[in-house]
Amino acid sequence: MQAGRDDMAIEIKGLHKSFGSNHVLRGFDFQVQPGENVAVLGKSGSGKSVLIKCIIGLIQIDKGELNVLGRSVPELTRKEMDLVRRDVGFLFQGAALYDSMSVRENLEFPLRRHRDQASRGRSMQQRVEEALENVGLLHTINLMPSELSGGMKKRIALARTLILEPKIILYDEPTGGLDPITGREISYLIKEVQERYKAAAVVITHDLPCAKITSDRIVILSQGKNYIEGTYDELERSSDAVVQEFFKIL
Ligand SMILES: Nc1ncnc2c1ncn2[C@@H]1O[C@H](COP(=O)(O)OP(=O)(O)OP(=O)(O)O)[C@@H](O)[C@H]1O
Ligand SMILES: [Mg+2]
């Protein structure tokens, strides 16, 4: 059954965003159903991070419709947007941890910020431990970020995003800066947590194997538009030159 308009996790129509004469998004359309995992594939500089920042309200859009969990983002006050952000996890490009805080403190941070320490009978301590267990890193709880590898930092950053049990998770280049094997491990971890949490996900990437593992559907962002979309297999068979550019590097 097709979900109704109000049930959509994300709904974007005709989104435009320019910086001066740089017209980055030029009528981008995009829909994500609850629980659906969509990858947005695009070259460097195509506007993928700008798109995510628009969704989370960090960048103001110029024109178009932008609804997140049934709320029109451009019309929200700062306070209302903060409430929406409570349900939208964001794994930043680079996924930086706070270097001066231990792993435990990094995970406690979003809970304290949203005054959400206890949930369904679980203490903050239990939630932190559970989140770390979900990414297989409970043993790092008392370590500092400087003592972790790049892949471990990504996992901890993912745990920190998941700890608020968001309805939507936005991943910006989750495998960026990692070697292909660690990148694949992170991709499978994302797939696993997506299945467990049943959140909707937007995975921004130029890593095709990551898109294949993590997503039900792929949208290619090119020339500021949702250039084409389909499953991995559909796009792989496409003879379109823009699409093939992503596949021929494999
Ligand atoms: N705050 C900003 N002010 C001015 N220009 C910006 C700003 N943010 C992004 N841009 C411009 O928007 C364009 C798209 O940038 P964006 O960061 O979205 O690319 P991307 O697709 O995420 O690339 P990458 O794969 O390298 O991360 C670039 O030309 C960039 O210079
Ligand atoms: Mg980017």
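The values are calculated or read from the model by the stated rules, or taken from the named source; none is laboratory data. These figures come from a predicted structure and were not determined experimentally. Every residue, glycine among them, receives a Cβ derived from its backbone with ideal geometry; neighbour counts consider all protein chains shown.
Quick notes
- Just one residue in the set S187, S215 is in contact with a strand residue (DSSP E or B) (Cβ under 7 Å, 6 or more places away or on another chain) and away from ligand 2 (no atom under 16 Å from the Cβ); that residue is S215.
- From the options S72, S44, residue that is without any contact (Cβ under 8 Å) to a residue 12 or more places away in the chain and not charged (D, E, K, R): S72
- Any pair with Cβ under 8 angstrom, 6 or more apart, that starts in segment 201-212 at a residue that is farther than 15 Å from G45 by Cα and within 16 Å of ligand 2 (Cβ to nearest atom) and ends at one that is assigned to a helix (DSSP H, G or I) and of a type in the set (G, A, S): V203/A211; C210/G183; C210/S187
- All of L221, L178 fail the test of being modelled with pLDDT of 95 or more and over 13 Å from the mean Cα position of the chain (by Cα), apart from L221.
- Selection within segment 31-61 - within 17 Å of the chain's Cα centre (by Cα) and away from ligand 2 (no atom under 16 Å from the Cβ): Q31, V32, Q33, P34, G35, E36, N37, V38, G57
- Members of segment 150-183 found to be of a type in the set (A, V, I, L, M, F, W, C) and away from ligand 1 (no atom under 16 Å from the Cβ), listed by number: M152, I156, A157, L158, A159, L162, I163, L164, I168, I169, I181
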